[in-house]
Amino acid sequence: MVFKATFKSEPNDVLLASSIKTESKKRPQKILFLKYEDLKIDPKKEVAKIALFLGKPFGNEEDLEIVLKKCSLERLKNLEVNKSGSIASYIHNSAFFRKGVVGDRKNHMTPEMEEQLDKITMLKLQGSGLEL
């Protein structure tokens, strides 16, 4: 399946990204930036970072392991509700689960779409200090 969408950028998006990064430096307790790639590389570190950000750090390694197991993409996509349920008659829950690997968008987007999305993302993040 290939997405058939047109990505558009709005002039205020650059300002928004810049403002968010500025605010995150002023009030780091309010905004946490995560990258999917980092979650894939070191899920323990990133989930521990999320818990700390939420003010609920893990008391021990065992609790962290339990959360990682319960929230794993493999487990979630195999739950019956996500295999057979739907949020609307035409949107099945399984549509929200793909392979869960970095770079899988190449299997769902044309090269032109990837390029357009990357350009828009770079434009929106310009001056924000955020990187792809």
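The values are calculated or read from the model by the stated rules, or taken from the named source; none is laboratory data. Keep in mind the model is a prediction, meaning the values are calculated, not measured. Cβ sites come from the backbone with ideal geometry, for glycine too, and all protein chains shown count toward neighbours.
Residues that are of a type outside the set (D, E, K, R), modelled with pLDDT of 95 or more and either loosely packed, with under 13 Cβ neighbours inside 10 Å or under 21 Å from R105 (Cα atoms) (or both) within segment 61-80 comprise just one, I66. Out of all the residues in segment 48-100, which are of a type in the set (K, R) and over 20 Å from the mean Cα position of the chain (by Cα)? Result: K56, K83.
In this structure, G129 does not qualify as farther than 30 Å from E23 by Cβ, surrounded by 12 or more Cβ atoms within 10 Å (Cβ to Cβ), out of contact with any strand residue (DSSP E or B) (no Cβ under 6 Å at 6 or more places or on another chain) and touching a residue at least 24 places away in the same chain (Cβ under 8 Å).
Residue count for segment 66-109 satisfying the condition of being part of a helix (DSSP H, G or I), touching a residue at least 12 places away in the same chain (Cβ under 8 Å) and under 22 Å from K49 (Cα atoms): 5.
One residue is enough: does segment 91-101 have a residue meeting the conditions of a type in the set (A, V, I, L, M, F, W, C), within 30 Å of S19 (Cβ to Cβ) and surrounded by 12 or more Cβ atoms within 10 Å (Cβ to Cβ)? For segment 91-101, residues of a type in the set (A, V, I, L, M, F, W, C), within 30 Å of S19 (Cβ to Cβ) and surrounded by 12 or more Cβ atoms within 10 Å (Cβ to Cβ): absent. Taken over segment 15-47, residues that are modelled with pLDDT of 90 or more and more than 15 Å from the chain's Cα centre (by Cα) amount to 2.
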